[in-house]
Structures are given as C-alpha cells and as structure tokens.
Amino acid sequence: MNKNSWQSRRRHGRGSHQQNPWFRLRDPEDRSDSQAAQSAQDSSHGDDESPSTSSGTAGASSVPELPGFYFDPEKKRYFRLLPGHNNCNPLTKESIRQKEMESKRLRLLEEEDKQKKIARMGFNASSMLRKSQLGFLSVTNYCHLAHELRLSCMERKKVQIRSLDPSALASDRFNLILADTNSDRLFTVNDVKVGGSKYGIINLQSLKTPALKVFMHENLYFTNRKVNSVCWASLNHLDSHILLCLMGLAETPGCATLLPASLFVNSHPAGIDRPGMLCSFRIPGAWSCAWSLNIQANNCFSTGLSRRVLLTNVVTGHRQSFGTNSDVLAQQFALMVPLLFNGCRSGEIFAIDLRCGNQGKGWKATRLFHDSAVTSVRILQDEQYLMASDMAGKIKLWDLRTTKCIRQYEGHVNEYAYLPLHVHEEEGVLVAVGQDCYTRIWSLHDAHLLRTIPSPYPASKADIPSVAFSSRLGGSRGAPGLLMAVGQDLYCYSYS
C-alpha cells in the first residue's frame, strides 16, 4: 500500500514538473504584452514610421520559443531551422529576417500612399499659424516647422527618363547620383549589364510637375573599374568637371580622373562649355576625393589613400603627401580657412593645415574620434561645426572649437557600407540612406527624426538607394524635393 501510494505521488510529481516550464513561460509572455502595450503607447507620440530591426513578430512572441525551430504566425506551426544552404528550400534565420523586412516595407509603402505622416505630434498648418500669430513662435522657428510639415507631405512620383539609347535604360542600374551646386544637373554612375560602369548627366531643368520628364546625356567614356568616390570639380568655372577615383584592376593601376562635363552633349544649362580635355592622374588605391574651393589651395584636389593623404595641383602637377595611421575614407575642404578634414577607418577625424606643409607634425590642426570607421564628413557653413557618420550607424555633430560631440542623430543603420551624409542648412534638415535601404530625414537643429522613407525596391545590398535633396531641384526656379535613384528607376518626392 505504501509502495503504491509512493508510485502515485512520484507520477503526480513528474506530471507537475513537466507542466512547470509552461507556467514559467507565462511570465515573460505577460511582460512582453505589457512591453508591447507600452511601445504602442510610445509610438503614438512619434516615430511610428520608423522601421524596427527586430527579427521577432507580434504573432511569434505569444508562443514558446523552441531551439532550432521557427514559429510561422501565418501557418500557425513550427518549422525546423536548417543549418546550411545544401537543401532545396532551406529555412534559415536570414531568409526569415528578409521576409519580415519585406512585409514591413510593403506595409510602410501602403501606409505612405494612404495617409500623410506628421513630422511632429501636435503640429499642423492651422496650429502653427495660430501660434505664430499669438507670438509663441518666432519667424525662424515658424519657417523651420513649416518646412518640416512640407517634408511630411512629400509624395512619391516616378520620373520618366529619356535617352538616345532607350534600350540601355531598361538594363543599366543606378549606382549613385550626385547633384551639382545649383541642383540643375545630376551626375550618374550606372552599372552596365555586361560589366563595368557608364556615366551620364541628367538635366533637371525639365523636371516640372505634374509631368516629371528628364533627359540623360551620355558619352562614350566607359570603364570596367569600380568607382570609389566622386565629387564635382570647379576647374574652369563652377562645377566644370567631375572628379572620379577609380580602383585598379589586374595590371592597371588605380587613378583619379577629371572628366569635363562638356563631354556630355548639351549637358550644361547655359551651353557655355567648350570641349575640355580629360585629365588622369596615376594615384593607386584612392578611397576618397575632395575638390578645393579655398583660394589658398586653388586648382587642387585631395585623395585619401591607404595610410596617407595626397594633395595634387592640377595645373602645376605639384604634389604633397601626408602620412596617416589608417586608410582615409572621407574628405572635405573648408572654404574660409585652409583646412582639409579627413575621416579614417580607425575612427579618427583630423584636419590638415595646408599652410604648414607636410614636414613635421604641426599640420594636424584638429582631432576627433569615433568608435568605428568614418564614412562621411560634412563641414557646416560657419565652419565651427562638423557632421560625421561611421560604420556603427552613429551620426554625430561636433563642435570644432571644443572638440566635443554636441548632438547625435538616432536611427541610422550601417554596418560596413560607404554611405554619405546630405546636410542642408538652408532647409535645416539632414538626409541619410541606411544599409537597410530606408531614407531618413532629421531636423538639423534638434535631431528629431522627421520622416522615414522605405525604398520602392526590395531591400538588398545591391539596391541601396542613392539620393539628392534640394530646395531648388532644377535650378533657381525649381521646386523643393528629394530625388531617389534605385535599380533602373528615378523617383521624385516633391512637395504637394
């Protein structure tokens, strides 16, 4: 009798012990539900359009997680995660993450088409006007907030591109776009289907609403080498050339090429360009480039190499070399003082004083430090502040007088890509495209995330959008907006 009762208690104890994990799983579930409610409440105060990078979903969070298995909330069943790619249709964490990101992108695109986003909660046209009339908003703040309101109302429209070779437009993919100083021309680098790259210039003066039509001017200059960096150069006049840094290939060394814009037929809006000469400088391993508009470094450009910076005078051919401790990935010249700012793979940002020469160590004027490789540096107009981004997704605003970070812009995504920053002080905005293919727009003054724009194409490493933002697209009489090149298409997000 005692033996039977002992066995029954043992069986009962086993049953209760098997049920304990299920009850233990209820506490995290309740906590996740409360966290979800709290996050939903927080999202109602803004940033509801910002995409999450979490791989979990609301449906999958309500079921126990089993090691080696994935729960599909649509089919309501578990699937085994396969360790490799040797199977016909492997179900891996990467494929699950891509599927969730794609469904989120499509949902955000649908939301953008249906409803207008609000840059700041509690601010609309009528409330802003009322506060301005009552004296609660200054003229400057009112203009900034009005511009942010227009940003939230930008609508996506596809731009029709015409060319002398329409068949090439259907196969060539945009690699990057770069607007000139006046935003009336767009330099493009396209990846050709058979391999290599092709260059073109798009005249933006014909970019008029509602019919958005532009013409791409091409030439026969063709290269099969990767373009590391590109910038507009003012040799004969403002933006008369394009400076390209090309990687070496096999026995062909890398070089820096000055490509005259006049080689593109009728590309200049005024038609004053005379045929120019293509100049090429043998500079192997150039990661970045910058053209100088400073009078003390006239007709000069800089290239960032592996562990050194090379300053070249185009007219005289004179060169100066400055040794560094790391690869130089980003550069920009100051306009009022003869300084060249450089961002390195090590995370260091330093300025070269061009008056000191390359002898000794006195040419390093300023030193700042990031925790990851710096991919972009932008000097603000008063040249007392510098904006920098790195491969950890950090965007920081530095005070050059105190060498301290005074502001940080959250939400940018980058792990290893070379992604530029677009600073527009007149509009008071900062624009950057993340490695997740989302275009984010921040307020330059308080780092508030104003808008997150999903890519019209599925997110992939080969289809990271390239953008150009301006308050005068197409020249002095142009309208404000954002141009986005991805795949074979060009989109315009114009003010409504």
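The values are calculated or read from the model by the stated rules, or taken from the named source; none is laboratory data. Since the model is a prediction, treat every value here as computed from it, not as a measurement. Ideal geometry is used to build each Cβ from the backbone, glycine not excepted, and the neighbour counts take in all protein chains shown. All accessible areas refer to the heavy atoms of the entire protein, side chains included, with ligands and DNA or RNA removed. Shrake-Rupley method; radii C 1.70, N 1.55, O 1.52, S 1.80 Å.
Things worth noting here:
- Direction-averaged projected area, Cα convex hull, the range 418-496: 5.7 nm², rounded to one decimal.
- Spin-label model distance (nm) - Asn299 vs Ser234, 7 Å beyond Cα toward Cβ: 1.6
- Size descriptor for the range 360-417, Kirkwood hydrodynamic radius: 12.2 Å (Cα pairs only, one decimal).
- Each label was represented as a point 7 Å from its Cα along the Cα-to-Cβ direction; for Phe369 and Asn325 these points are 0.8 nm apart.
- Å² per residue, accessible surface of the range 285-336 at 1.4 Å: 42
- Per-residue packing, averaged as other Cβ atoms within 10 Å, sorts the ranges 428-440, 452-464, 308-320 into the order 428-440, 452-464, 308-320, beginning with the highest.
- Paramagnetic reach from Ser280 in the range 286-312 [backbone N under 18 Å; point 7 Å along Cα→Cβ]: 286-287
- Here the spin labels are modelled as points 7 Å beyond Cα on the Cα-Cβ line, and at Val192 and Asp399 they lie 5.2 nm apart.
- Phi angles across the range 72-77 convert, under the Karplus curve 6.51 cos²θ - 1.76 cosθ + 1.60 with θ = phi - 60°, into 3J(HN,Hα) values of 8, x, 6, 8, 6, 7 Hz, Gly and Pro given as x.
- Within-11-Å neighbourhood charge of Gly254 [Cβ basis; K, R +1; D, E -1]: +3
- Residue order by solvent-accessible surface for Phe69, Phe264 is Phe69, Phe264, largest first, with ligands and nucleic acids left out and a 1.4 Å probe.
- Note on the range 213-258: with neighbouring protein chains present and a 1.4 Å probe, carbon and sulfur make up 55 percent of its accessible heavy-atom surface.
- In order along the range 223-234, the phi-based Karplus estimate (6.51 cos²θ - 1.76 cosθ + 1.60, θ = phi - 60°) of 3J(HN,Hα) comes to 9, 9, 9, 6, 8, 7, 7, 8, 7, 6, 10, 10 Hz; Gly and Pro are listed as x.
- Set Lys396/Lys461; Lys198/Lys226; Lys93/Lys461; Lys364/Lys394; Lys99/Lys394 screened for pairs whose C-alpha atoms are more than 19 Å apart: Lys396/Lys461; Lys364/Lys394; Lys99/Lys394
- By the Stokes-Einstein formula, at 0.692 mPa s and 37 °C, the range 173-267 with its Kirkwood radius over alpha-carbon pairs has D equal to 234 µm²/s.
- Rg over Rh, two decimals, the range 290-414 (C-alpha only, Kirkwood Rh): 0.96
- Annotation: peptides 282-289, 327-334, ranked by per-residue average of other Cβ atoms within 10 Å with the highest first, follow the order 327-334, 282-289.
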